[in-house]
């Protein structure tokens, strides 16, 4: 019976992650399974097991595979991901996907995120939308070779207001979720190398645009430091809130190999990590999630907390990155003058 309860709860957790803002799981069960409110709550509490038909109905509606839930074993784990042919390869679709994922997290009770960041904190990039646009363009053109981008150079242009509003919405949701974020000496250097590559390969329509992106990178660095100073997340240009938006930032002096996101909430947890440049693998396997939690906690234990404390270590961390960016900026200026 305990195994059945666990399977049932994990199916419910998977459905929760797909609910739209304002949707309630109890209502979904009533409408989808055609049961009363009381019957829906008894299933949610585990007092009544889902029937085979009900399980099949939920799995079909939310594209779940029962194989993901029915056979748990250490050393074997199943992941879900979005196939490339199902992903719309444009900036608006990319931001919409990130926003919808954050909306699903925000709807969970007592949600928090623990993440390791090996280069650029994608959610912090929302503070400088043009950097986010450059990152997407680089992935689409240089890594994924999407035909629409093959002959294009990156150019200076305004971001569509509708697209910008999606990014702002996603950023506001991210800011409202408490996070523990672990950074390494490589932070922002990957994005810096991408700007350098485009500059040296003459892939900017206007070479001087590299300077603007480098200034954006410096602005982002300054804003991340401002958030670390107070231990709270807030949008660039706004005042830091006096409560909520907890931001626990850690500096790790070793190399962090990937971007891993551990999502915890009352009654469940899941792991996401970056895959194939613009995609994510997802798992709610309890063994895998528990081991990921242990690894991230060990990473935190071997890192220095630099938010709202440890000013010397915080200044050293941000100062090293700033010098690297400024050194390359001077090189770009010199080449443009030449």
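Values computed for the structure shown
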quantity	calculated
Hits in segment 187-218 - residues which are without any contact (Cβ under 8 Å) to a residue 60 or more places away in the chain, assigned to a helix (DSSP H, G or I) and surrounded by 15 or more Cβ atoms within 10 Å (Cβ to Cβ)	209
Boolean, residue 248 is crowded, with 18+ Cβ neighbours inside 10 Å, under 21 Å from the mean Cα position of the chain (by Cα) and either assigned by TED's automatic domain parsing to the domain that holds residue 178 or in contact (Cβ under 8 Å) with a residue 12 or more places away in the chain (or both)	yes
Residue within segment 166-181 that is surrounded by fewer than 20 Cβ atoms within 10 Å (Cβ to Cβ) and free of Cβ contacts under 8 Å to residues at least 60 places away in the same chain present	no
Residue within segment 258-267 that is modelled with pLDDT of 95 or more, in contact with a helix residue (DSSP H, G or I) (Cβ under 8 Å, 6 or more places away or on another chain) and surrounded by fewer than 19 Cβ atoms within 10 Å (Cβ to Cβ) present	no
Unique match (being at pLDDT below 80 and under 30 Å from residue 303 (Cβ atoms)) among 120, 80, 132	80
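The values are calculated or read from the model by the stated rules, or taken from the named source; none is laboratory data. This structure is a prediction, so every number in the text was calculated from the model and none was measured. Neighbour counts run over all protein chains shown; Cβ positions are idealised from the backbone, glycine included.
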